[in-house]
Structure formats: C-alpha cells, structure tokens
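The block underneath contains the structure these notes are about, expressed in structure tokens.
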Amino acid sequence: MKQSSGRGNFGSRLGVILASAGSAVGLGNIWRFPTEVGSNGGAAFILVYLAFVFLLAMPVMVAEFVIGRSSRANTVGAYRTLAPGKPWIVAGFMGVVAGILVLSFYSVVAGWTLHYTVDSIGLRLMGPQDFAAVFNNFVSNPWKPLIFQYVFLLLTHVIVSRGVESGIERFSKAMMPMLLVIIVVLACCSLTMPGARDGLTFLLKPDFSKVTTKVVLSAMGQAFFSLSVGIGCLATYASYFKEDTRLVNSAFSVCVIDSLVAIFSGFIIFPAVFSVQGVQVDAGPGLVYITLPNVFNLAFGDVPFLGYLFSVFFYVLLLLAALTSTISMHEIATAFFRENYRLSRRTAATIVTLICVVLGTACSLSFGVWSEVKVMGMGFFALFDFLTAKFIMPLGGILLTMFVEWYLDRKLVVNELTNKGTVRVRSLRLLLFLIRWVAPIGVGVVFLNELAS
Ligand code: PFF
C-alpha cells in the first residue's frame, strides 16, 4: 500500500464521510445559508444553489479527493508529488494561505457563537431586550469577543493536535450524529409553530422572477463555501483516506448531507421567524444573533421554558458545526507545516494556532476599535472573507479541476475513481465531463463576475 509512514489514516468508511461532512457542515449551513436564502428571495435561490452543489462543487470535491489520495500529502506536497517542478504548486500554497485566512475570520463568528451558547445556557437571552444593541455592544467590545475566539481556537488546536484518527475522526464521529439529531428535533419543533405554513411557502414555493444575476452568483459562492471546496481542505482529508474508500460515493454522500443540513436549517429558522410579527427574514448576518433571540422569547408565549430549551440546543448545534469545520481548516496548514518542515504534529499545530490568533485578533477588532483600519476599503474581517470566498476559493476550484482533467494522466484519475477498476462508477463519463468542462467554465464565470462587481 502506498502510504507515507506516520501520517495517519481515517479508520473507517463512516469516519471518512462524517469527517468530510463535518468539514462541510458548519456556520456556512446554519448561519450563512438561511441569511442568503432570506436575502435572495427563498425557494428559487435554494433550487439554483442545489444545482450548483451537484454540477460545480461536487466535481471540484471529487478532484480534491483524487489529488489528495493519489499523492498522500498536504496540499503543497500533493502538487510537488504529482507535478514536480511545475508552477501548479502555487495552487497548493494558495490553499494553505486561504485555510489560515478562513480560520482567522471564521473563528470570530465561532467565538460569538460560543458566547451566545454560554449566555443562552445562563438564561441571559431570556426576557425582552434590545438584541441588536446587545449584539453590537458585544462584537465591538475590545476584549470580550477575543476571549471567546481564543477559547474556540484552543479547542480546535487540541483536537487537531491529537491527530487524524484519535482527534479529527473520533470527534467528528461523536459530534456529527448529535448534530444531525439536534437539527431534526429543532426542525420538528419549528414546524409546529404558528408561522410554519408561511415559512414553508417561503422555503418551498419558488418564484423564478426573483432569480437575478446576483442570486445566481450568491448561490454559487454559497455552494463552494458550504462544501469547503477550492482550497485543498478536502484534498488534505483525502490524503488520509484508505485505498478502498470510494471517492465518488463519499463525495456524493457529503453533498447530500450538507444540502440536507442547510435545508433543515431553513426549516428551523423560517417557520420560527414567520411566527413572530415584526421580525424580518432578510435581516442579514444578524439573523442568528439578533432575530432569533427575539424569536426564542416571543414565539413560545406561555411556555418560556420551551424557548429556553430551543435557544440552548440551537447555539450548541451551531457550536458543534463550527468546530468540525474549524478543525478541517486548521488541518490544511498543520499538515503542510508538519510535512514540509518535518515538525511534530503538535509543533505544526501550535504554529498555525498562533498565526490564527494574531490574524483572528485583527479580524475581531475590525468590528470595534479597529473599525477605521481599512485595507482595499475593507476592515480585516471583510477583507479576509472577500479574499477567500470570492477570490481564492473560486480560483482554486478552477485550478483543481483543470489540474485533474488537463494535467493528470487520465488513467491515474480513472484508477482513483474506480479504486483500480474494483468499483463501478455509474456516471463516470458524466462526472469527467463535469470536471473537465462544466466546473472550470462555470466557476470561471462566477469568478469574473465577482471580480467585476
Ligand atoms: N464549509 C464550512 C461551512 O459551511 O461552514 C466552511 C469551510 C470549511 C470553508 C473548511 C472552507 C474550508 F476549508
């Protein structure tokens, strides 16, 4: 078996799917997806989004799986192994930088989530309050959000330091089922609320007149971010897959799980939001931190305890989802430092965590004392978000698919996809067509549009 010693492996097929789905399912599904659905008109956006998940993002995911497993190396090492001396390696470095940048701003929101979890448990979200003021005061405070962000980064650090099987896989296997159960329970609760019918109509009845260019582009960006594709995150995970892991099946399962979680998050949030008067569906990023606390207080009228339980479970859900994603971002750079500089996993992880603490501090402070510090007209949080989601991820997606279809030997690719001819992949031709043409061209269109906007 072709494996570099001491790298570690995912121990089971379920572990592979749950770890990869853990990376994909995150704040992107439960915080960003409903926000995007709310601001982009509902059901029609969801349909466009689902089309992009399966036509564009899934082919990129499969490309990442092929690169990762065939090289058995971190993203930079993968290009070094598969295309020695060629400029493709730049795509690998881009992934490492992007992983660090995403983790730096994502951990800010993860820190807010930790704070809201603690507050919801401690009953501090109960009772009528000006939740917008509460949120704005908190995020602009110079040190409070930082403490929660550092705690979150530390949690991520501890899990990543423990390694692939006893850290990442074990954690994902324990957390993902719990997360799926919480989602289903909360969705069922939400669907019994008085506004359920309006919420469902908003989510399920498409109005295609609402599909504008902006809606299409947002759906594509959301599909990439939500599936964690384009920066070598899943290539890094795939480097720990076993020889008999079925790449296409696993990618399909991850896409299905991720889409279901996103849609179920809609089932949780919109029936609840439509149940309370004066609360807006298009509240933007404040939906989860400003709108929902209002919902928790108002929707349960006579039984505030139910509102309390709902809020606690909701923020715990968000927290677990965020953590399984941050460990995957952290792993991109940890694997790189570890293998490139021959460091121990712990030392490599410490370097990554320290870099993220520094950059993450800048992102957090951009909501408060550094709000006037601008680079290219943006604060650090917005800048890192822009650079990664709108620039590096799409560009990475184009490079990854082009590398697999135009540079790698077709035989190697087919061997990886069919596990050396031992498994039959029914739609192999279609998949190769998507990787070769549809994904790079489709993503290229978004990319150019994003740049032009
Ligand atoms: N897919 C994650 C989410 O939806 O929250 C975010 C993410 C994870 C982006 C890992 C990029 C990444 F490498």
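The values are calculated or read from the model by the stated rules, or taken from the named source; none is laboratory data. Please read all numbers here as calculations on a predicted model, not as lab measurements. Virtual Cβ from ideal backbone geometry, glycine too; neighbours counted across all protein chains shown. For accessibility, only protein heavy atoms count, side chains too; no ligands or nucleic acids. Shrake-Rupley method; radii C 1.70, N 1.55, O 1.52, S 1.80 Å.
Candidates are the residues of the stretch 280-313 that are within 16 Å of the ligand (Cβ to nearest atom) and assigned to a helix (DSSP H, G or I); the one that is least open to solvent (accessible area, probe 1.4 Å) is LEU287.
Taking the criterion of being within 16 Å of the ligand (Cβ to nearest atom) and over 17 Å from PHE267 (Cβ atoms), the residues of the stretch 29-53 that qualify are PHE52, VAL53. Of the residues examined, LEU319 is one that is within 13 Å of the ligand (Cβ to nearest atom) and open to solvent by 10 Å² or more (accessible area, probe 1.4 Å). Between SER344, SER366, the distinction of being without any contact (Cβ under 8 Å) to a residue 24 or more places away in the chain and crowded, with 16+ Cβ neighbours inside 10 Å belongs to SER366 only. Scanning the stretch 327-341 for residues that are buried (at least 24 other Cβ atoms within 10 Å of the Cβ) and either free of Cβ contacts under 8 Å to residues at least 12 places away in the same chain or over 20 Å from LEU155 (Cβ atoms) (or both) turns up just one, PHE336.
Has the stretch 9-23 got at least one residue that is open to solvent by 10 Å² or more (accessible area, probe 1.4 Å), within 14 Å of the ligand (Cβ to nearest atom) and under 24 Å from PRO440 (Cα atoms)? No, the stretch 9-23 contains no residue that is open to solvent by 10 Å² or more (accessible area, probe 1.4 Å), within 14 Å of the ligand (Cβ to nearest atom) and under 24 Å from PRO440 (Cα atoms).
Checked against the criterion of being at pLDDT 95 or above, open to solvent by less than 30 Å² (accessible area, probe 1.4 Å) and part of a helix (DSSP H, G or I), the candidates GLU416, GLU405 yield just one match: GLU416.
Residues that are within 16 Å of the ligand (Cβ to nearest atom): which helices (runs of 4 or more DSSP H) entirely in the stretch 142-237 hold 2 or more of them?
144-161, 170-191, 213-226
Checked against (1) at pLDDT below 85; (2) more than 16 Å from the ligand (Cβ to nearest atom); (3) surrounded by 16 or more Cβ atoms within 10 Å (Cβ to Cβ); (4) not aromatic (Phe, Trp, Tyr), GLN277 passes all but a single condition, namely (3).
Conditions tested, residue by residue: (1) touching a helix residue (DSSP H, G or I) at 6+ places or on another chain (Cβ under 6 Å); (2) of a type in the set (Phe, Trp, Tyr); (3) open to solvent by 50 Å² or more (accessible area, probe 1.4 Å); (4) under 30 Å from TYR79 (Cβ atoms).
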residue	(1), (2), (3), (4)
GLY199	yes, no, no, no
LYS210	yes, no, yes, no
MET220	yes, no, no, yes
ALA223	yes, no, no, yes
SER228	yes, no, no, yes
TYR237	yes, yes, no, yes
THR245	yes, no, no, yes
ILE257	yes, no, no, yes
ILE269	yes, no, no, no
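Screening THR326, THR334 for residues that are modelled with pLDDT of 95 or more, touching a Lys or Arg at 6+ places or on another chain (Cβ under 8 Å) and either within 15 Å of the ligand (Cβ to nearest atom) or farther than 18 Å from TRP112 by Cα (or both) leaves exactly one candidate, THR334. Of note, ALA262 does not satisfy the criterion of being open to solvent by less than 30 Å² (accessible area, probe 1.4 Å), more than 16 Å from the ligand (Cβ to nearest atom), under 22 Å from ILE182 (Cα atoms) and small (Gly, Ala, Ser).
From the list LEU82, LEU55, the lone residue that is under 17 Å from GLY230 (Cβ atoms), more than 15 Å from the chain's Cα centre (by Cα) and open to solvent by 10 Å² or more (accessible area, probe 1.4 Å) is LEU55. Residues that are within 23 Å of GLN222 (Cβ to Cβ) and away from the ligand (no atom under 16 Å from the Cβ) within the stretch 377-398 comprise MET378, GLY379, PHE380, ALA382, LEU383, ILE398, listed in sequence order.
The residues of the stretch 190-205 that are over 25 Å from the mean Cα position of the chain (by Cα) and not charged (D, E, K, R), listed by number, are LEU191, THR192, MET193, PRO194, GLY195, ALA196, THR201.
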